[in-house]
Amino acid sequence: MLLESITLENFRQFRNESIEFAQGENGKNVTIIIGENGTGKTTFAQAFFWCMYGETKLSDKNMLNKMVAADLRPGQESIVKVTLKLRHGDVSYTLFREQRYRKDSLNRIKGDNTVFDIAFKDANGVTEYVKKTQCESEVEAILPKELSSYFFFDGERIEKMSKDISAGTRATDFAEAVKGLLGLNAINNAIKHFNPRSSICVIGSYEGSYDSHSNSKIEEYTKTIEKSKAEIEMIDARLDELKSQIELARTRQTEKTEEIKQYTEGEKLQHQKEKLVQKISGVKESRANAVKEVCKAFNKGMSSFFSAMLILDSLKLLSEKDFAGKDIPYIHTKTIEYLLKQGVCICGTRLDEGSIPYTNLQELIAFLPPQSISTSLSDFNKEAKRRANEGLDLHNNISDKLAVISHQDEELVELQEELHTIEGKLSGGNVRGKVRAINSEIQLCAETIRDGETERESLFRNRCRFELEAERADTERRNLSLLDDKNKKIEIYKAYAERIYEELLEVYTKSEAEIRTKLETTINEIFKQIYEGGLSLTIDEKYRISVYVNEYDGFVETSTAQSIAVIFAFITGIIKMARDNRKATDENANLLSSEPYPLVMDAPLSTFDKRRIQTVCKTLPNIAEQVIIFIKDIDGELAEEYMGDKIGRRHEFDKKNDFETVVI
């Protein structure tokens, strides 16, 4: 399958845009599509998948362009359409997928189911249409959906495969890719067709064909065999489930074990954080108490504090006057007022207003309070001094407490800054809570693995028991069947089928082992080109990929760059082997033949450094027969520099606004 062109109509931000792809003419098999983040590279890449399978990985499933949708009036409709032209074998295909959208009376946009059509032109140039009911299966025949992600892959796919490699788990996807792309599916399907464990397959159908009329024991043995095989089939199904559960639990356990390592330092930081929070709380409480004491002291002494200057001035004034002897003991102001009113002193002297005696008595009033002036002044002096001292004490007291508060403020600032730094390292989360949650999940995984292993052991014992019962019954039935011509033929046919099944298994096992060995060699060759550094890869029988340092027996924990390099090597290795198989001329060529396929990648170079980008760019065009890369500007410059002689088509995205991008 080689891609010729793709046209997008109203598909997301692409109103009416087309791209033609280089197909190897003049040795140029690379197409690069350049665009910055947000211009629609991922959207355009997803258009391939939407056209072929009616699905995308985009979170928003509404494909209609936002501007087109906004212009629709209630009752109006518009169409989203993607047209993909490709060649597969000697046939040229045109795939059309469209979806009709309409705006209802509430201004809501609703889409119908997609409509899929395929037109094809054979080697004679005759154009026909595939029946609508067969379009999906036709695409599956060209490129099975489960294998498509190996040719249309993005960062999410890389991340998943990277986790599989880092965790060392059984790579089911890898195994399926090898079977599908390198021709093992045909043998595998044949094995399934003869599978003796299935009652609906060839050998199983013979099991139900025995004639029991000649001997009732045959029917009894057949029922025993059927029952045993049914039990074995259920056990096998459960074993497969347990296997998946255990592998998933182990993968999750490995991931969480790695994750919890990141929190080892975090727990220490969490402890420091809690101590800081506690200390900050204590300082804040102490500061609040100090502020309360300041307020309390101020409320109590503010009158003395604010009147202190007046009091001091009064004391100074009084100290300059001599009031000693000015008052007359036991003479009250009222007495003087009475005498002045009567106009006669107690001594008989007349007190005429304006006279000297009158004036002298009147002046005496100033020195005759209800108590004597000297006593009043003495009391006033005492009280004034007390209040003046209180004012001075208030100032000193508040100054001391404000100094304490100022120190506490500085301490709080320092503690808050330290806390902010720690929280930054902790990302603001409760690490201890996260660690507990991760530990709980690790324990849950351990329980799942333990319980699964226990159940598996029990199931294996039961399986052996049912196998023995089936074998004994089959032996007895075989002996009885040889006594009847009809059953004897069935026995012979079944024996042939079993022999074919064994031969298929042997061929499959041998072919799969050879392909795996060849794949390992091919991947290592490519990996060494992409990731220089004395590393080697191994693939075990469960398709777990491990990285080793040459001349060192230990396993190497892969970095992100290494894992991605492994993924590139794996994918391109399969493509290279499939390509080589088409050129093979040995007797197994037909068995392992495969069509060419494109390699469509969304931002594949962003995780590599400049040196490895160069090796990737030089490697890919020589392995895949068609390479289509969606790439950022800066990486695009490097790609053009390193594989310019292989670039047959170059396109660039120009973002007009948030809702429209054009291809230039």
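The values are calculated or read from the model by the stated rules, or taken from the named source; none is laboratory data. For clarity, every value in this text was computed on a predicted model and none was experimentally measured. Heads up, the Cβs are rebuilt from the backbone with ideal geometry, glycines too, and the neighbour counts pull from every protein chain shown. For the accessible areas, the whole protein counts, side chains as well, though only heavy atoms, and no ligand, DNA or RNA atoms are used. Shrake-Rupley method; radii C 1.70, N 1.55, O 1.52, S 1.80 Å.
Residues that are open to solvent by 20 Å² or more (accessible area, probe 1.4 Å) and in contact with a Gly (Cβ under 9 Å, 6 or more places away or on another chain) within the stretch 56-74 comprise Lys61, Asn62, listed in sequence order. Of everything in the stretch 1-55 that is among the charged types (D, E, K, R) and closer than 18 Å to Asp658 by Cα, the residue that is surrounded by the fewest Cβ atoms within 10 Å (Cβ to Cβ) is Glu36. Looking at the structure I just gave you, is Thr454 at pLDDT 90 or above and surrounded by fewer than 14 Cβ atoms within 10 Å (Cβ to Cβ)? For Thr454, the condition - at pLDDT 90 or above and surrounded by fewer than 14 Cβ atoms within 10 Å (Cβ to Cβ) - is met. Mind counting the residues in the stretch 102-146 that are outside any strand (DSSP E or B) and either surrounded by fewer than 15 Cβ atoms within 10 Å (Cβ to Cβ) or not hydrophobic (A, V, I, L, M, F, W, C) (or both)? Residues in the stretch 102-146 being outside any strand (DSSP E or B) and either surrounded by fewer than 15 Cβ atoms within 10 Å (Cβ to Cβ) or not hydrophobic (A, V, I, L, M, F, W, C) (or both): 25 in total. Please verify whether Glu77 is in contact (Cβ under 8 Å) with a residue 24 or more places away in the chain, touching a helix residue (DSSP H, G or I) at 6+ places or on another chain (Cβ under 6 Å) and open to solvent by 40 Å² or more (accessible area, probe 1.4 Å), treating the condition exactly as stated. So Glu77 fails the test.
Filtering Ala437, Ala446 for residues that are in contact with a helix residue (DSSP H, G or I) (Cβ under 7 Å, 6 or more places away or on another chain), modelled with pLDDT of 80 or more and surrounded by fewer than 14 Cβ atoms within 10 Å (Cβ to Cβ) leaves a single hit, Ala446. Taking the criterion of being of a type outside the set (Phe, Trp, Tyr) and at pLDDT 70 or above, the residues of the stretch 550-579 that qualify are Ala565, Val566, Ile567, Ala569, Ile571, Thr572, Gly573, Ile574, Ile575, Lys576, Met577.
Return the residues of the stretch 107-122 that are more than 18 Å from Ala141 (Cα to Cα) and touching a residue at least 12 places away in the same chain (Cβ under 8 Å); say none if nothing qualifies. Within the stretch 107-122, Asn107, Ile109, Gly111, Asp112, Asn113, Thr114, Val115 qualify.
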